[in-house]
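In what follows, a single structure is set out as structure tokens and then discussed.
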Amino acid sequence: MAPGSSSHNRLLSRRRALHLCLGTAACLSGAVIQRKMPLVVQRRSSVYNNREFVVDGQRALKDRAAAKGILYGAEINHQQLSADSDLAAQFIQECALLVEGGGLKWFLTPSPLRPAPNTFDFTAADWMLRFSQTNQVKMRGHTLVWHQSLPPWFEETVNNRNAEQVMHSHIRTVAGRYRGQMHSWDVVNEAIRVQDGRSDGLRKSPWLEFMGPDYVELAFRITAEMDPNAKLVYNDFGLEFGSRKSDAKRESVLQLLSKLMSKGTPVHALGVQGHLDTTRPINSSKLRNFLADVAALGLEIFITELDVTDRSLPADAATRDRVIAGVYEDFLSIVLDEPRVTTVTTWGLSDRYTWLSEFFPRSDGLPVRPLPLDSDLNRKLAWNAIARAFDNAPSRTII
Ligand code: XIL
């Protein structure tokens with residue numbers, strides 16, 4: 001687009017408006033909807049009333065992203081993909097990257113990877129890798145070291161004498177099996193929890209308790225040894241918002257990443273999960289500065305688990321869809337301005353399957369609508385919003 005052209009100016013003024021808007025809590029809290037206060041709902045959701053989520057053509061999200069040097073994909077799991085051929089077809093059409101949402105966690109029913117201390121069950125993960133390779137979709141591994149989804153046997157088996165060996169053998173076996181075949185690994189997930197009160201911000205997880213703070217570095221080193229071609233990611237949530245809590249979390253994550261980088265640890269990207277909530281305002285300058293600081297460390301940034309909960313929005317589906325779409329577009333317009341943001345994955349593709357139905361359901365019992373496709377696999381306004389954010393994003397080099 002030529003600078004000074006009318007579409008360039010339109011884009012600039014849209015960006016400026018966005019900038020001003022998102023710079024103030026009052027504005028994005030424009031998206032704050034209290035179902036018990038319909039007037040407030042009306043006034044606040046009206047921020048997006050005049051936005052036309054019109055997109056050019058029908059091209060898939062992965063193609064629009066690729067045109068700007070961005071990889072787009074989504075989380076999906078083995079049960080969904082193997083049982084739902086319509087979803088599989090949509091997935092292949094829209095996505096260039098697949099994140100297996102459960103099969104590479106230590107223990108998630110119905111097909112846990114680590115059923116017993118000395119056994120591994122790769123059925124689900126192997127199937128997903130075959131699917132991704134057959135369909136020319138790259139695959140991300142999620143996740144090697146996390147405080148959640150630990151097996152029932154973990155507590156009685158793992159202690160400070162054997163934790164290092166247990167972690168070592170897990171990473172060697174899992175990352176080793178898929179050596180050379182993964183786009184990236186979420187090596188350590190959610191290791192920061194400022195409320196736990198440590199000066200380094202580390203979460204008091206079993207890993208920290210048994211191995212001390214160096215477990216993070218060790219996990220990256222072992223993974224790099226087992227799969228030197230995969231991009232290794234530190235992944236966390238709650239980094240997106242304007243609150244003091246988010247400020248503190250950003251600071252601790254930066255401190256962790258700087259320390260890892262200064263020791264030459266093989267960490268290649270920060271994963272910003274991006275679980276957005278219409279009640280939690282974003283401060284665009286804080287977010288931009290944070291991403292620039294991460295980029296200055298030499299890291300890439302992946303948006304890894306993007307979705308927008310509608311649990312505080314009114315029942316009307318059209319209103320919900322419009323606000324959700326606005327939040328997607330505003331967030332992506334900010335983060336995609338940072339050229340080191342190279343990958344965007346939504347946490348699910350269709351409202352037919354989303355963790356939010358279980359973890360953040362609506363109190364009125366209505367089905368949630370947080371993802372780009374509705375439960376009939378039709379494109380929603382959120383799809384248009386993501387498509388437009390890719391279309392308007394500056395180009396970057398595919399790294
Ligand atoms: C969620 C999955 O989507 C659910 O199916 C599972 O039961 C619980 O975990 N942050 C993460 C993801 O890093 O692993 C979580 O996924 C969502 C929050």
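The values are calculated or read from the model by the stated rules, or taken from the named source; none is laboratory data. For clarity, every value in this text was computed on a predicted model and none was experimentally measured. Counting neighbours? That spans all protein chains shown, and the Cβs are built from the backbone with ideal geometry, glycine included. Note: areas computed on protein heavy atoms with side chains; ligands, DNA, RNA excluded. Shrake-Rupley method; radii C 1.70, N 1.55, O 1.52, S 1.80 Å.
General observations
- Residue among E329, E338, E305, E358 that is of a type outside the set (S, T, Y), within 16 Å of the ligand (Cβ to nearest atom) and touching a residue at least 12 places away in the same chain (Cβ under 8 Å): E305
- Selection of segment 99-136 for residues being among the β-branched types (V, I, T), within 16 Å of the ligand (Cβ to nearest atom) and more than 27 Å from I70 (Cβ to Cβ) yields only T109.
- Each residue in segment 339-388 was checked for being in a loop (DSSP other than H, G, I, E, B) and more than 15 Å from the chain's Cα centre (by Cα), and 21 pass.
- Subset tally (residues that are of a type in the set (V, I, T), open to solvent by 10 Å² or more (accessible area, probe 1.4 Å) and modelled with pLDDT of 95 or more) for segment 312-326: 0
- Candidate set: segment 148-173, residues that are assigned to a loop (DSSP other than H, G, I, E, B) and within 16 Å of the ligand (Cβ to nearest atom); chosen: the one farthest from A224 (Cα to Cα): P151
- Verdict on A96 being more than 16 Å from the ligand (Cβ to nearest atom), closer than 30 Å to R379 by Cβ and hydrophobic (A, V, I, L, M, F, W, C): yes
- A74 vs. criteria outside any strand (DSSP E or B) and small (G, A, S): no
- Residue within segment 137-147 that is open to solvent by 20 Å² or more (accessible area, probe 1.4 Å), over 12 Å from L98 (Cα atoms) and more than 16 Å from the ligand (Cβ to nearest atom) present: no
- For segment 221-274, filtered to residues that are basic (K, R) and over 19 Å from M182 (Cα atoms), the residue that is nearest to the ligand (Cβ to nearest atom) is K249.
- Residue under evaluation R193, criteria (1) under 18 Å from H142 (Cα atoms); (2) open to solvent by 10 Å² or more (accessible area, probe 1.4 Å); (3) within 16 Å of the ligand (Cβ to nearest atom), criterion not met: (1)
- Filter result for R198 (without any contact (Cβ under 8 Å) to a residue 60 or more places away in the chain and buried (at least 16 other Cβ atoms within 10 Å of the Cβ)): no
- Counting only residues that are crowded, with 23+ Cβ neighbours inside 10 Å and without any contact (Cβ under 8 Å) to a residue 24 or more places away in the chain, segment 232-267 holds 0 of them.
- Selected residue [under 25 Å from L98 (Cα atoms), touching a helix residue (DSSP H, G or I) at 6+ places or on another chain (Cβ under 9 Å), of a type in the set (A, V, I, L, M) and part of a loop (DSSP other than H, G, I, E, B)] from V267, V294: V267
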